[in-house]
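Beneath this line is the structure, given in C-alpha cells, with notes to follow.
Only the coordinates and a few stated rules stand behind these numbers; no lab work does. No experiment lies behind these values; they were computed from the predicted model shown. Positions of Cβ are generated from backbone atoms using ideal geometry, with glycine treated the same way; all protein chains shown enter the neighbour counts.
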C-alpha cells in the first residue's frame with residue numbers, strides 16, 4: 001500500500017509551529033490553573049485544621065482555668081479548716097477583692113506577677129491538686145475528702161481530669 005504524503009494546507013497566516021506553540025501554552029496554563037486550585041484547597045484545609053486546633057486549645061484553657069479556680073476555692077476552705085492563715089504560694093488561693101489587694105504591699109504583687117509568668121495554668125493546676133491531694137487528701141474532680149492515702153488510692157481514679165472522665 002503506497003499512499004502519497006498528504007498535504008496540509010494552512011488557511012491562516014501564522015507561521016510553521018505556531019499552532020503547536022499555542023497548544024503547548026494552553027496546556028501549561030491549564031496545568032498552572034490546576035496547581036493553583038490544588039494549593040488553594042490545601043491552604044483551606046490547613047486553615048480549617050488550624051482553626052479547629054485553636055478552638056480546642058481555647059476550650060481546654062477555659063476548662064483548666066475553671067479547674068484551677070475550683071481548686072483555689074477548695075484550698076481556701078480546707079486550709080481554713082486546718083487553721084492555715086496564709087497560702088503556701090500566693091496563687092494557691094483565689095485573688096482577694098479589690099480593697100484588700102490595694103492594702104497588699106508592692107513586693108507581694110511583683111512576686112505574684114513573676115510566678116504567673118513562670119507557670120502556666122496547667123502547671124499551677126498540677127501543683128495545686130497535688131498539694132490538695134497530699135496535704136488535705138482531697139480530689140477536686142471527685143469532690144471528696146478521703147480518710148487516708150489508701151482510701152484515696154482505692155477510690156479515686158487519678159490525679160487529672162482525664163482520669164475522671
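Quick look at the numbers
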| item | result |
| --- | --- |
| Cα centroid separation - the stretch 141-164 against the stretch 78-96, whole Å | 21 Å |
| Listed peptides 48-56, 136-144 by packing density, highest first (mean Cβ within 10 Å) | 136-144, 48-56 |
| Listed peptides 36-44, 71-79, 6-14 by packing density, highest first (mean Cβ within 10 Å) | 71-79, 36-44, 6-14 |
| Crossing angle, helix 18-81 versus the chain [Cα axis fit, 0-90 degrees, rounded to tens] | 0 degrees |
| The chain: relative contact order as a whole-number percent, Cα under 8 Å and 6+ apart | 17 percent |
| Using alpha-carbon coordinates, inclination of helix 121-135 to the longest axis of the chain, degrees | 30 degrees |
| Using alpha-carbon coordinates, inclination of helix 106-118 to the longest axis of the chain, degrees | 40 degrees |
| Order by protection proxy (mean Cβ within 10 Å, highest first), peptides 122-135, 22-35 | 122-135, 22-35 |
| Semi-axis lengths, Å, the chain, gyration tensor of Cα atoms, sqrt of 5 times eigenvalues | 74, 22, 10 |
| Mean residue ellipticity (222 nm) of the chain, computed from DSSP H runs ≥ 4 via -39,500 (n - 2.57), nearest 500 | -22500 deg cm²/dmol |
